[in-house]
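Colleague: The structure under discussion is supplied below as structure tokens; questions concerning it will follow.
The values are calculated or read from the model by the stated rules, or taken from the named source; none is laboratory data. Keep in mind that what you see is a predicted model, and the values were worked out from it rather than measured. Methodologically, a virtual Cβ is constructed for each residue, glycine included, from the backbone with ideal geometry; neighbour enumeration extends over all protein chains shown. We work out accessible area using only protein heavy atoms, side chains counted, and drop any ligands, DNA or RNA first. Shrake-Rupley method; radii C 1.70, N 1.55, O 1.52, S 1.80 Å.
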Amino acid sequence: MFSLIPRGAQIVLLTLVLFAALFDARYRRIPNWLTVSGVVTGLALNSFLFSGPAGFFFALKGLGLGFGVYFALHLLHAMGAGDVKLMAAVGSITGASDWFGIFMITAVVGGFLSIVVSIAKRRLGKTLFNVGFILSEMRSLRPAYLKNEELDVKSDKALRLPHGVVIAVGTLIFLALSARFTQ
């Protein structure tokens, strides 16, 4: 289910994710000033758009969901801290339900791009093995990065993909789909 994000929020959201993608692609980091600005703007914008406390709570739920899901991934060493803060900022702008839509599309885009990068680096077989290993460790409630250094986003051995770029692509697709299916 898609909902149409207000035009002002779309502009703020696009500005945020496009700048984050540029920084992440170039420097492999997303600056705090950008993510904090996104959070503050999302809280203020939604408070204005939805007349006060209701808008603030709407933004806070999105922020909390985005932060919570990505912080769990960060604890598993699957995401960097900048990605956590970026998705919290996205949630503060979009609210929880639209954040979840962006998250789902971002997950699909990330999976697809990971396969493309794995093929380009001639590591598809190893990547597929690692996916199986992650699932095996999850069944045992163990973090996979403890036994396999390649699965730690902080490791130089890890096959990396700037997730800020993936988030931007997922957001663009979500906005295009919501514009198409809500008019």
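Colleague: Compute the angle between helix 163-181 and the longest alpha-carbon principal axis of the chain, please, reported from 0 to 90 degrees and rounded to the nearest 10.
Modeller: Once rounded, the angle reads 50 degrees.
Colleague: Let me ask something else about it. To check my understanding: the extent here is largest minus smallest coordinate of the Cα atoms along each principal axis. What are those three numbers for segment 1-51, in Å, largest first?
Modeller: 38, 24, 16
Colleague: Now, a different point. How would Ser140, Ser97 rank on accessible area, largest to smallest, probe 1.4 Å? List each step's numbers first, then the result.
Modeller: Working: Ser140 55, Ser97 90 Å².
Correct descending sequence by accessible area is Ser97, Ser140.
Colleague: If you wrap a convex hull around the Cα atoms of segment 57-122, how much volume per residue is inside, in Å³?
Modeller: Numbers: hull volume 4.9 nm³, N = 66.
About 74 Å³ per residue, rounded to a whole number.
Colleague: Which aspartates and glutamates have a Cα lying under 20 Å from the Cα of Lys61, excluding residues fewer than 8 positions away in the same chain?
Modeller: Result set, ordered by chain and number: Asp83, Asp98.
Colleague: Which of these values of semi-axes √(5λ) of the Cα gyration tensor in Å was calculated from the structure shown: [x] 30, 17, 15; [y] 28, 24, 13; [z] 32, 17, 14?
Modeller: Among [x] 30, 17, 15; [y] 28, 24, 13; [z] 32, 17, 14, the one calculated here is [x].
Colleague: Let me ask you something else. If you place +1 on the Cβ of every Lys and Arg and -1 on the Cβ of every Asp and Glu, how big does the dipole about the Cα centre of segment 1-124 come out, in debye to the nearest 20?
Modeller: In debye, rounded to 20, segment 1-124 gives about 440.
Colleague: Helix 32-49 sits at what angle to the longest principal axis of the chain, using alpha carbons and giving 0 to 90 degrees rounded to 10?
Modeller: 40
Colleague: Right, here's the next one. Please arrange Lys61, Lys85 by accessible surface area, largest first, computed with a 1.4 Å probe and ligands excluded.
Modeller: Working: Lys61 105, Lys85 70 Å².
Largest accessible area first, the residues go Lys61, Lys85.
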